[in-house]
1. When you scan the range 65-82, do you find a residue that is within 24 Å of the chain's Cα centre (by Cα) and exposed (fewer than 14 other Cβ atoms within 10 Å of the Cβ), even just one?
2. Mind telling me which of the residues 80, 96, 89, 60 ends up being more than 30 Å from residue 121 (Cα to Cα), away from the ligand (no atom under 16 Å from the Cβ) and assigned to a loop (DSSP other than H, G, I, E, B)?
3. Could you tell me how many of the residues in the range 14-42 are free of Cβ contacts under 8 Å to residues at least 12 places away in the same chain and either within 13 Å of the ligand (Cβ to nearest atom) or under 18 Å from residue 122 (Cβ atoms) (or both)?
4. Being in a helix (DSSP H, G or I) and surrounded by 15 or more Cβ atoms within 10 Å (Cβ to Cβ) is the filter here; which residues of the range 33-50 pass it?
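Computed from the coordinates by the stated procedures, all read-outs in this text should not be read as laboratory data. None of the values given here were measured: they were computed from a predicted structure. Here the Cβ positions follow ideal geometry from the backbone for every residue, glycine too, while neighbour counts run over all protein chains shown.
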Ligand SMILES: [Zn+2]
């Protein structure tokens, strides 16, 4: 599972073939992989997990930035308002982190069998030879 997450989740690769990008645009994923035909669409609301992970990235950044600011005060020393700077940078990190969050989430969905191969078998099942 962690091997799949590292190979596909963090790099944005298709969890089925690992040789092709999962994304057709920065945030968009196609219905199926153009290389191995793994169907990415798993049902309504599947994107919510990716949003939760993305917000988690932003929250983690804000907490770490607040700890750094409270310890060494680099933002205050630079003449910036720490609260607004951390809030704005947290939003930027959340927006930029949505792509890897989506990739990690869909790799988890693949690992636990929520995606389907073209023949209808679960994504965590042994692939059939006709693919
Ligand atoms: Zn693929």
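1. The answer is no; no qualifying residue exists.
2. Just a single option satisfies the conditions, and that option is 80.
3. Adding up the residues that qualify gives 6.
4. Those that are in a helix (DSSP H, G or I) and surrounded by 15 or more Cβ atoms within 10 Å (Cβ to Cβ): 47, 49, 50.
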